[in-house]
Amino acid sequence: MSRNALLVPLALFFVAGLFLFLYKTPTPPTAPAYTAEFGGVSLTLEYATTPAERERGLGGRADVKGGYGMLFVFPRDDRYGFWMKDTLVPLDIFWLDDKGQVVSIAQDVAISSYPDVFYPTAPAKYVLETAAGFALRHAVATGTPLLLKSFPSVTK
């Protein structure tokens, strides 16, 4: 058998395998991003509305950009505690009431603080996590509103 007779089927097999790999490999789901205004700047938000999403939070992420945040949505107002388990970057944590106004802040929470748990000074329905330093850079304080077109609700 000639060398070309062996190369053609081998090349076809390789191309077919590559095609199947590229088009059959499932794409991981990406969370939808929403835009809000917070501290006078535009902020891209990801919502955590299910227990699994809220538990995972920003854990395992090697970077949290300055204009990005995760909004945790809870079924009712309460004093929800947050910790830095599996979190790889320092964060600012904002607790917000049902109208989206900041009621409590934990600034520059270090990853080394785990297993400490941070609690708000007042009940909150939403919690927003951003990169550390956001509150200071944008003068976010108690009473600062998170401006969304509508606040999400718990989905599960």
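So in the range 116-156, with the set limited to residues that are among the hydroxyl-bearing types (Ser, Thr, Tyr) and without any contact (Cβ under 8 Å) to a residue 40 or more places away in the chain, which one is nearest to Phe82 (Cα to Cα)?
Thr121
For the range 38-52, enumerate the residues that are in contact (Cβ under 8 Å) with a residue 24 or more places away in the chain and either on the phi < 0 side of the Ramachandran plot or of a type in the set (D, E, K, R) (or both).
Passing the criteria: Phe38, Val41, Ser42, Leu43, Thr44, Leu45, Glu46, Tyr47, Ala48, Thr49, Thr50, Pro51.
Any residue at all in the range 118-127 that is modelled with pLDDT of 95 or more and under 15 Å from the mean Cα position of the chain (by Cα)?
yes
State whether the residues of the range 136-156 include one that is within 24 Å of Arg61 (Cα to Cα), more than 18 Å from the chain's Cα centre (by Cα), of a type in the set (D, E, K, R) and surrounded by 13 or more Cβ atoms within 10 Å (Cβ to Cβ).
Yes; the residues of the range 136-156 include at least one that is within 24 Å of Arg61 (Cα to Cα), more than 18 Å from the chain's Cα centre (by Cα), of a type in the set (D, E, K, R) and surrounded by 13 or more Cβ atoms within 10 Å (Cβ to Cβ).
Please go through (1) under 21 Å from Ala62 (Cα atoms); (2) in contact with an Asp or Glu (Cβ under 9 Å, 6 or more places away or on another chain); (3) not aliphatic (A, V, I, L, M) for Asp86 and return the number of the only condition it doesn't satisfy.
Going through (1) under 21 Å from Ala62 (Cα atoms); (2) in contact with an Asp or Glu (Cβ under 9 Å, 6 or more places away or on another chain); (3) not aliphatic (A, V, I, L, M) one by one, Asp86 breaks only (2).
Out of everything in the range 126-156 that is basic (Lys, Arg) and part of a loop (DSSP other than H, G, I, E, B), what residue ends up being nearest to Val73 (Cα to Cα)?
Of everything passing the filter in the range 126-156, Lys156 is nearest to Val73 (Cα to Cα).
The values are calculated or read from the model by the stated rules, or taken from the named source; none is laboratory data. Computed from a predicted model, the values in this text were never measured in an experiment. Cβ coordinates were reconstructed from backbone atoms using ideal geometry, including for glycine residues, and neighbour counts include every protein chain displayed.
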